[in-house]
Amino acid sequence: MDSNTSIITSINNVRHLVNNSILMLRDLDTALSKHGFQPLNGNALGTETSKNINQSMVQYQTFFPQYMARPYALTSDILANKVNKIIFTNIQFYHSDYEDLPPALVNSVMLFPEYVEDAKKYVQNWWLKFVVYEDENWEDVKKHGELNENIDEEGFKTIFWCQDLLSIDGQRELLQEAERLVQVFFDK
C-alpha cells in the first residue's frame with residue numbers, strides 16, 4: 001500500500017467512525033423518545049468549542065471531535081420548566097490526558113441539586129466528559145457496564161457506566177442501553 005492509499009484509508013476510517021457514531025446517537029434518540037425524552041440540543045451534537053490556528057494535536061480543540069454529547073430530559077419536565085434530572089450520553093473518541101484511551105460509549109443519569117427552569121441553556125455539553133475523565137480518574141472508573149457514581153462539590157450526582165464503543169454489536173445492544181438509561185432515570 002503506497003502512502004497516498006494509506007492516508008486515504010485512514011481518513012475514510014475516521015469519517016466512518018464518526019458517521020457510525022452519529023447513527024448510534026440517532027437510534028438512541030428514537031428509543032428514548034418512545035419514553036417521553038427529547039434531546040436538549042435538538043439536532044445539534046455537543047462537541048468542543050471553536051478551533052484555533054495555534055492549536056496543537058494534544059489540545060482538546062483538535063478538528064477530530066474529542067466527544068459527541070447528547071443530553072435528554074423528559075418533554076413534560078422541559079415544558080413545565082422543572083428539570084431536576086437528565087439522561088446524558090457521550091461518545092468519547094479520545095482525551096488528551098489519556099494516550100491509550102479506547103473510544104467509549106458513556107451513558108448516565110445526572111441529578112441536579114434543585115430544579116432548573118431552562119435546562120436547554122443550563123446544561124453544558126462537556127459535563128459528562130468532565131465527570132468521567134477529569135473529576136474521576138479514568139483508570140479508577142469501573143468499565144464494561146458497571147455502575148459508577150460521582151457527587152461533585154455542588155451536589156450534582158452522576159450515575160454512569162462505560163462500554164467500549166467497539167463492543168456495541170448492533171442495534172439490539174444499543175436499545176438495551178436505552179432501556180437501562182430509562183430504568184436508572186426512573187429509579188433515581
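When Lys188 is tested against (1) under 25 Å from Ile22 (Cα atoms); (2) more than 17 Å from the chain's Cα centre (by Cα), exactly one condition is not met: (1).
Within the stretch 8-37, being among the polar types (S, T, N, Q), surrounded by fewer than 17 Cβ atoms within 10 Å (Cβ to Cβ) and within 21 Å of Leu175 (Cβ to Cβ) holds for Asn19, Asn20, Thr30, Ser33. Look at (1) small (Gly, Ala, Ser); (2) in contact with a Ser or Thr (Cβ under 7 Å, 6 or more places away or on another chain); (3) farther than 26 Å from Ala44 by Cβ and you find that Ser108 fails only one, number (3).
A short reminder: the numbers here are calculations on the coordinates, not readings from a lab. Only a predicted model underlies this, so the values are computations on that prediction, with no experimental measurement involved. Cβ: placed from backbone, ideal geometry, glycine included. Neighbour counts: every protein chain shown.
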